[in-house]
Amino acid sequence: MRNIQSASLLTALLSATKVAAHGHVTNIVVNGVYYEGWDIGSFPYMGDNAPTVAAWGTPNTGNGPLAPEDYSSPDIICHQNATAGNGYVEVAAGDSINIQWTEWPESHHGPVIDYLARCEPNCASVDKTELEFFKIDGVGLVDGSDVPGTYGDDQLIANNNSWLVQIPEGIAPGYYALRHELIALHSAGEEGGAQNYPQCFNLKVTGSGTDKPAGVVGTELYKSTDDGIIFNIYQEVSSYPVPGPTLYSGAATSVKQATSAITSTGSASAVGATSAAATSAAASASTTAVSVPTSSAAKSSSFATSAAATESVAVTTTAAPSNKAAAPTQAPETSDDDEVCEDEE
Ligand SMILES: *[C@@H]1O[C@H](CO)[C@@H](O)[C@H](O)[C@H]1NC(C)=O
Ligand SMILES: *[C@@H]1O[C@H](CO)[C@@H](O)[C@H](O)[C@H]1NC(C)=O
């Protein structure tokens with residue numbers, strides 16, 4: 001038994017009894033290519049050995065939410081203490097991304113919201129507090145005829161716990177952070193009760209668009225008193241005000257939810273590749289999460305793999321399952337967490 005791991009597991013279990021239950025994004029699928037997300041069951045315990053992924057990392061092993069009291073904290077940007085992934089996934093403007101969640105609790109009705117923020121020069125090296133997010137998707141109440149109603153995340157559950165979001169056709173090419181978020185409203189009848197689950201991925205958007213929509217920094221997206229943040233879902237409602245800034249005018253107005261068949265697996269290349277290697281990796285980027293050159297010497301030292309190796313992994317099987325070997329067993333069981341949640345209703 002490794003002490004550090006058991007201590008971490010214990011911490012995770014203890015925190016699970018305090019915060020209510022939950023989920024996270026396990027992977028995304030872009031044009032049939034699977035890219036793993038931030039595996040909370042193993043990556044937080046791997047330090048610099050965690051694989052390069054496009055997903056932002058977080059020590060939030062308990063799968064928990066953020067609360068309205070966190071809205072002015074940088075944690076709200078991409079989750080607790082999040083740091084940008086060193087990889088990115090390439091996607092053409094106009095293409096859709098399927099975002100796969102762990103099993104989402106049925107009681108957690110609420111909106112599904114997606115934002116993009118342009119990253120200069122790339123997402124791995126930005127100051128996250130300066131990222132300006134514009135909303136590209138926001139699905140709140142879908143059907144209010146029953147109590148509680150059907151919300152965006154009920155559609156997500158019906159869609160195999162996944163969500164399809166379209167990258168607007170008109171945005172200028174470049175690097176973007178995708179901020180995908182579920183807000184659970186089961187305890188939102190009173191101020192402070194909403195639960196936010198933001199999950200971020202780095203993208204490289206290609207295309208010939210020119211729009212650079214204005215956005216707002218993460219710490220100004222919401223206020224604890226916003227209409228859609230304080231909201232009682234246990235009464236008959238005919239509408240729900242999706243929180244956050246208004247939808248970008250070039251966003252798709254409605255995306256029919258569907259799953260994306262996985263035809264191959266894209267894998268991140270080594271972090272800290274030299275600039276030559278990074279360029280070469282970028283050239284092969286259409287099906288690969290490519291590492292972004294960073295100035296982090298600490299990170300580069302653990303990863304000396306060549307760009308050639310990077311290119312060869314583009315369509316091999318995923319490395320994700322094997323990472324679990326180095327990890328404690330998957331943290332908190334959602335069934336237990338759910339009971340905690342039900343209590344809050
Ligand atoms: C998040 O960062 C703060 C400030 O650096 C630190 O005190 C806290 O322990 C961190 N939380 C986790 C879960 O790592
Ligand atoms: C549904 O989600 C699971 C992961 O939870 C995945 O393995 C499976 O391929 C998905 N099914 C479809 C049809 O996308």
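So is residue 61 at pLDDT below 95, away from ligand 1 (no atom under 13 Å from the Cβ) and surrounded by 24 or more Cβ atoms within 10 Å (Cβ to Cβ) or not? Criteria not met by residue 61. Whenever a residue of region 252-263 is at pLDDT 90 or above, its partners that are among the small types (Gly, Ala, Ser), lying with C-beta atoms within less than 6 angstrom and at least six residues away or across chains, give the pairs 259/162. Among the residues of region 23-44, the one identified as away from ligand 2 (no atom under 16 Å from the Cβ) and touching a Lys or Arg at 6+ places or on another chain (Cβ under 9 Å) is 42.
Across region 78-105, the number of residues qualifying as over 15 Å from residue 29 (Cβ atoms), surrounded by fewer than 24 Cβ atoms within 10 Å (Cβ to Cβ) and more than 16 Å from ligand 2 (Cβ to nearest atom) comes to 6. Restricting region 81-98 to residues that are farther than 21 Å from residue 125 by Cβ and polar (S, T, N, Q) leaves a set whose member that is farthest from ligand 1 (Cβ to nearest atom) is 96.
Checking region 11-20 against the condition returns no match, with no residue being modelled with pLDDT of 95 or more and within 16 Å of ligand 1 (Cβ to nearest atom). Determine if region 145-168 includes at least one residue that is outside any strand (DSSP E or B), buried (at least 22 other Cβ atoms within 10 Å of the Cβ) and in contact with a helix residue (DSSP H, G or I) (Cβ under 9 Å, 6 or more places away or on another chain). No; the residues of region 145-168 include none that is outside any strand (DSSP E or B), buried (at least 22 other Cβ atoms within 10 Å of the Cβ) and in contact with a helix residue (DSSP H, G or I) (Cβ under 9 Å, 6 or more places away or on another chain).
The values are calculated or read from the model by the stated rules, or taken from the named source; none is laboratory data. Keep in mind it's a predicted model, so treat the numbers as computed, not measured. Quick reminder, even Gly has a Cβ in these numbers, built from the backbone with ideal geometry, and neighbours come from all protein chains shown.
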